[in-house]
Amino acid sequence: MKILALETSCETASLALLSKGEVHSQSFVSPPAHSSVLLPALRRLLADHGLRLAELDVIAFGRGPGAFTGVRLACSVAQGLAVGAGVPLAQVDSLMALAEGAGADKVYCAMDARMGEAYVACYRRAVDGWQVEQSPVCVAPAMMPLPTGAGWVGVGTAFAAYPACQQVLGDAVRVHDAAAVPTAAAVARLAHTVAWLDPALVSPLYVRDRVAQTVAERLAAGGKA
């Protein structure tokens, strides 16, 4: 199976190619660079492994939640490539990709959503993939949902951005990696566990509808008008 994957939902963007059972990936830091480096890097990745877009079985992308611009970028680039190559798309929740990279069976994912909030989801590993214990939500750290039972492994940048959330979660969640982000390699590995869709049927997963704080909210947080 040959799968090209994109993940641009946070500050670190990445590409991955799964071919002949091996995953080849690369990452890029700095959101402004995502759009300018993504396509050239993608072309080089395919060329390095002697592949054309039309030879892919599927193109997979991290659909969010995450940075609005980054989530839209992955979706739109994947759609454009898939339409041109005549291949289907696999949309993977970015928080599920975060769980996939955790190396655990019960994963509590918490990504910094900025504006004093976090994107949160919980997943249990099953024989045929991940089971959703808590669907992705955007909440204040003090309102992070408690998972069922104990033994959960916590990953994601919200644990670093909001240390107090550990008090909310208590002993149910043991923080494993507060710097972890979703990766295209994980998206590629998950592509076979989700439905493959016509490019016209995919869409970003935003979870949160607003992209900026009001002036009053910035002032209340000690910022400038």
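Annotations
- Using the rule -39500 (n - 2.57) for each DSSP H run of four or more residues, divided by the residues of the chain, the 222 nm mean residue ellipticity is -7500 deg cm²/dmol.
- Farthest toward positive dipole pole in the chain [+1 Lys/Arg, -1 Asp/Glu at C-beta], among GLY70, THR183, VAL92: GLY70
- 13 Å beta-carbon shell around THR193, net charge (K/R +1, D/E -1): -1
- Computed from Cα atoms, the angle from the helix 68-85 axis to the main principal axis of the chain rounds to 20 degrees.
- Legend: Rg and Dmax of the chain, from Cα coordinates, 17.6, 55 Å.
- Computed on the range 102-177, with alpha-carbon pairs under 8 angstrom and 6+ residues apart, the relative contact order is 32 percent.
- If only the Cβ of Lys and Arg carry +1 and only the Cβ of Asp and Glu carry -1, the dipole of the chain around its Cα centre is close to 340 debye.
- Within a Gaussian network of the chain (alpha carbon springs, distance under 10 Å), most fluctuating of ARG72, ARG189, ARG124: ARG124
- Relative to the longest principal axis of the Cα atoms of the chain, the long axis of helix 34-48 lies at roughly 40 degrees.
- In nm, spacing of pseudo-spin labels at GLN26 and ARG44 (7 Å Cα→C-beta vector): 0.3 nm
- When both the range 63-84 and the range 137-212 are represented by their alpha-carbon centers, they are found 18 Å apart.
- Choice from ALA54, ALA113, ALA99 showing the highest fluctuation, given a GNM over the chain with Cα pairs closer than 10 Å: ALA54
- Cβ-Cβ FRET estimate between VAL132 and GLN167, R0 fixed at 35 Å, reported to 0.05: 0.90
Taken together, the values in this text are just the output of simple stated rules run on the coordinates, not laboratory data. Since we're looking at a predicted model, the values are computed, not measured. Every residue, glycine as well, gets a Cβ built from its backbone with ideal geometry; the counts of neighbours run over all protein chains shown.
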